[in-house]
Every structure is written in C-alpha cells, then in structure tokens.
1. Does A:Leu185 count as surrounded by 18 or more Cβ atoms within 10 Å (Cβ to Cβ) and either at the interface with another protein chain (Cβ under 8 Å from one of its Cβ atoms) or touching a Cys at 6+ places or on another chain (Cβ under 6 Å) (or both)?
2. Would you mind stating whether B:Ala37 is at the interface with another protein chain (Cβ under 8 Å from one of its Cβ atoms), farther than 30 Å from A:Ala64 by Cα, under 17 Å from the mean Cα position of the chain (by Cα) and in contact (Cβ under 8 Å) with a residue 60 or more places away in the chain?
3. So in the range A:116-146, with the set limited to residues that are within 24 Å of A:Asn169 (Cα to Cα) and open to solvent by 10 Å² or more (accessible area, probe 1.4 Å), which one is nearest to the other protein chains (Cβ to nearest Cβ)?
4. Of the conditions (1) surrounded by fewer than 17 Cβ atoms within 10 Å (Cβ to Cβ); (2) without any contact (Cβ under 8 Å) to a residue 40 or more places away in the chain, B:Ala111 satisfies every one except a single condition; which number is it?
5. Within the range B:10-43, can you find the residues that are out of contact with any helix residue (DSSP H, G or I) (no Cβ under 6 Å at 6 or more places or on another chain) and more than 25 Å from B:Asp85 (Cβ to Cβ)?
6. Tally up the residues in the range A:10-34 that are closer than 17 Å to B:Leu3 by Cβ and out of contact with any Pro (no Cβ under 8 Å at 6 or more places or on another chain), please.
7. Here are some residues: B:Arg105, B:Arg149, B:Arg167, B:Arg75. Which one is part of a helix (DSSP H, G or I), among the charged types (D, E, K, R) and buried (at least 20 other Cβ atoms within 10 Å of the Cβ)?
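The values are calculated or read from the model by the stated rules, or taken from the named source; none is laboratory data. Bear in mind that the values here come from a model prediction, so they are computed numbers and not experimental data. Note: ideal-geometry Cβ built from the backbone for every residue, glycine included; neighbour counts use all protein chains shown. Protein only, heavy atoms only, side chains kept; ligands, DNA and RNA dropped before computing areas. Shrake-Rupley method; radii C 1.70, N 1.55, O 1.52, S 1.80 Å.
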2 protein chains.
Amino acid sequence: MPLLELSARELLDRLASSDPTPGGGSAAALAGAAGAALVAMVCGMPKTRTGAAEERERLGTALAWAREAGARLRRLVDEDTRAYDAVVAAYRLPKGTDEEKAARRSAIEAAMTRATDVPLETAEACRVALRAAQEAAANGNPSALSDARTGAALAFAGLTGAAENVRINAPSLGEEAAAPRLETLEKALAEGRERARALGVLG
Amino acid sequence: MPLLELSARELLDRLASSDPTPGGGSAAALAGAAGAALVAMVCGMPKTRTGAAEERERLGTALAWAREAGARLRRLVDEDTRAYDAVVAAYRLPKGTDEEKAARRSAIEAAMTRATDVPLETAEACRVALRAAQEAAANGNPSALSDARTGAALAFAGLTGAAENVRINAPSLGEEAAAPRLETLEKALAEGRERARALGVLG
C-alpha cells in the first residue's frame with residue numbers, strides 16, 4: 001500500500017518506529033508536499049494582494065508550479081522508501097561465486113544511484129515549491145501571508161532533509177557520477193536558502 | 001473526523017484547497033509531528049553511537065521527550081484548525097443589540113486567545129523535539145544521523161510556522177496578555193534556532 005494511502009496517524013507511527021524505513025528521505029518529501037500544498041492554497045484563494053490583474057496572473061503561474069512540485073513530492077514519499085529498501089536488498093545478494101559477486105556489485109551500484117537521484121529530485125521539487133511560495137507571499141491574499149511563509153519553511157526543511165541523503169549516497173557512485181549531482185544539489189540549496197531567507201523563515 | 005484519521009493524501013489535498021483551514025498552523029504541527037517521529041525512530045534503534053551505556057540512557061530520555069512532543073503535536077494538528085474556525089464563528093455572531101455586541105466581543109476575545117495559545121504550544125513542542133534531535137544526533141546510530149538532522153529540520157520548520165501564527169494573533173489580545181506569550185515564543189525560537197544551527201540544518 002502506498003504510504004500516502006495510510007492514515008496520517010499511521011504514517012507518523014511508521015516514521016516513529018525503529019525500522020529504518022520510512023525514514024528521513026520520505027519525511028523530507030512529505031514536508032515538501034505539505035509545503036507545496038499550503039502554497040497552492042494561497043495561490044488558489046479568490047483574493048490577491050491588491051486585486052491587480054498581474055497578481056492573479058503570477059499566482060496562476062505559481063499555482064501550476066506548486067501543484068507540479070506537490071505531485072512529484074507525493075510520489076517521492078514512496079520512491080525514497082523503495083530506493084532505500086532496494087539498497088538493503090542489493091547488499092543481501094549472495095556473493096559466493098565470481099558471477100554472484102559481479103551481479104551483486106552491479107545491483108548495489110544501480111540501487112545507490114537511485115538512492116541518490118530520488119532525494120535529489122526531492123530537493124529540486126522543494127526548490128520549485130519555494131519559488132512558488134515567494135510568488136504567493138508577494139502577490140497573494142495578505143491575510144494568508146503566514147501560510148505562504150509556513151509553506152516556505154516546510155519546503156526548505158524538505159530541501160535540507162533531502163540534501164542529507166544526497167550527500168550520504170553520492171560519494172559511493174564515484175567522482176564522475178557524484179560531481180554533477182552534488183553540483184545540482186548545491187545550486188538548489190543556494191536558491192532555496194536565498195528564497196527562504198527573503199521570506200524570513202530561517203529564524 | 002480528526003485530520004490525522006484522513007489518509008495522508010487526503011490531508012494534503014485539504015491543505016492544498018483554497019479553504020483557509022486546515023492551514024499553516026495545522027501544517028506546522030504536522031511537520032513538527034513528523035520531525036518528532038523521525039527523532040523517536042533514531043532514539044529507538046538498537047545501536048547507539050559507540051555502544052556506551054551512557055548513550056543508551058541519554059537516548060532513552062530523548063525518546064521520552066520526542067514521544068511526548070509528538071503526541072502533543074498530533075493533537076495540535078486538529079486544535080489549530082478548530083481554533084481558527086472558532087475565530088471565524090465568533091466574528092459571525094450577531095451584533096444587533098448591546099447584549100449581542102458584548103457577547104460577540106467576549107467570544108472573539110476567547111477565540112483569539114485560543115488561536116494564540118495553540119500555535120504557542122506547537123512552538124514549545126517543536127522546541128522539545130529539537131532538543132531530542134540534538135541528543136539523537138550526538139548519541140544515536142551514526143548511520144541514522146541524517147534522520148536525526150532531518151527530524152530537526154522539520155521540527156524547526158514547525159517552530160517557525162507556528163511562530164507566524166502567534167505573532168499574527170497575539171497583538172489582538174492587548175499588551176498585557178500578548179507580552180508574556182511573545183516572550184515565551186522568542187525564547188523557544190532562540191533555543192530552537194541554536195539547536196538547528198548546531199545540527200547544520202539552517203542551510
């Protein structure tokens with residue numbers, strides 16, 4: 001059963017259990033999805049900041065970003081758990097013969113690549129949610145400014161949580177495969193940090 | 001039906017709808033609850049950092065903090081939405097006669113007090129979750145360090161999101177009632193910020 005089909009209470013219980021999955025990667029995607037949802041709420045409200053037509057247009061664009069990012073993040077809640085479970089399964093493959101050793105090595109490599117790319121996609125989607133949050137705060141209903149800011153805080157937490165997992169897993173891919181992924185991550189973090197700071201949610 | 005009894009997907013849909021509730025206050029409590037859950041996961045793992053007995057003891061204490069904070073935050077997801085709805089209901093009370101006006105004024109005051117105290121409790125519980133996260137990171141299984149850090153990031157997002165709502169609602173209570181609440185909030189923010197910074201999750 002997909003994690004998001006569980007009751008929210010049961011999902012929290014699974015996060016709290018001492019089993020390693022679902023863990024930080026799925027929780028980061030969940031936080032990002034909740035942040036994107038709040039931003040979508042603000043963008044979809046009938047009232048804009050001053051009522052100007054341009055605000056409605058910008059909110060429409062931001063709503064599309066928030067929805068797209070939110071849909072990806074919902075998918076990533078499950079994908080992160082599956083990616084971690086695949087790494088554990090690959091390490092458990094038999095390693096008696098040379099053929100088995102080679103097959104195991106290649107399964108581990110494929111699983112680690114996935115376990116790096118999934119949180120990297122989470123980080124990217126959280127970056128998009130933060131961009132949408134900034135538009136929501138600048139153009140949306142002033143009485144929902146706190147919701148836009150809270151959405152940004154949650155998306156930034158998702159971004160930093162995802163970054164933890166990218167940084168742990170990328171090195172095992174080797175320099176050539178790791179470098180471009182870490183570069184993408186640092187760009188997402190830099191942009192996200194700037195937007196979060198502009199919205200005053202970094203404390 | 002309590003919000004946490006909804007499927008996680010349905011809860012995200014409700015956050016994303018343009019209805020004002022559930023909004024940022026409930027989302028902040030949810031993020032804090034997810035953060036506390038991750039921290040509980042790390043504290044409950046069989047392995048500690050080096051295997052020292054003192055680590056297990058500290059993790060036991062932190063687990064109790066994380067569970068207590070998590071239980072409060074789960075309750076606060078619903079309480080925040082109810083508190084907001086009560087404010088809206090109070091403003092809609094009739095104001096035709098002097099008696100009605102007085103009753104309405106007193107209902108608004110009671111509702112605004114609740115709408116300040118609920119996010120203040122969310123902020124406090126997130127502060128406790130951050131304290132537990134720091135113990136989990138210092139004493140827990142090193143392979144779960146990223147989970148402890150992600151838990152801290154989510155709890156800090158919950159704290160800043162809750163702070164938004166306290167700051168919006170407190171001024172309507174008048175200086176005398178607002179001041180001690182804002183002071184409690186600033187202390188929670190200062191402690192939470194310090195712990196989040198020490199764990200490297202403020203970007």
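1. Details: surrounded by 18 or more Cβ atoms within 10 Å (Cβ to Cβ): yes; either at the interface with another protein chain (Cβ under 8 Å from one of its Cβ atoms) or touching a Cys at 6+ places or on another chain (Cβ under 6 Å) (or both): no.
In short, no.
2. Details: at the interface with another protein chain (Cβ under 8 Å from one of its Cβ atoms): yes; farther than 30 Å from A:Ala64 by Cα: yes; under 17 Å from the mean Cα position of the chain (by Cα): yes; in contact (Cβ under 8 Å) with a residue 60 or more places away in the chain: yes.
Against the criterion (at the interface with another protein chain (Cβ under 8 Å from one of its Cβ atoms), farther than 30 Å from A:Ala64 by Cα, under 17 Å from the mean Cα position of the chain (by Cα) and in contact (Cβ under 8 Å) with a residue 60 or more places away in the chain), B:Ala37 qualifies.
3. A:Arg127
4. So B:Ala111 meets the others, but not (1).
5. We begin by selecting, within the range B:10-43, every residue out of contact with any helix residue (DSSP H, G or I) (no Cβ under 6 Å at 6 or more places or on another chain); these are B:10, B:13-14, B:17, B:19-20.
Residues satisfying the conditions do not exist here.
6. Here is the first cut: in the range A:10-34, the ones closer than 17 Å to B:Leu3 by Cβ are A:10-13, A:15, A:30-31, A:33-34.
Now narrow it down to the ones that are out of contact with any Pro (no Cβ under 8 Å at 6 or more places or on another chain): A:10, A:12-13, A:30-31, A:33-34.
Number of matching residues: 7.
7. Details: B:Arg105 fails: buried (at least 20 other Cβ atoms within 10 Å of the Cβ); B:Arg167 fails: buried (at least 20 other Cβ atoms within 10 Å of the Cβ); B:Arg75 fails: buried (at least 20 other Cβ atoms within 10 Å of the Cβ).
Within the list B:Arg105, B:Arg149, B:Arg167, B:Arg75, the selection yields B:Arg149.
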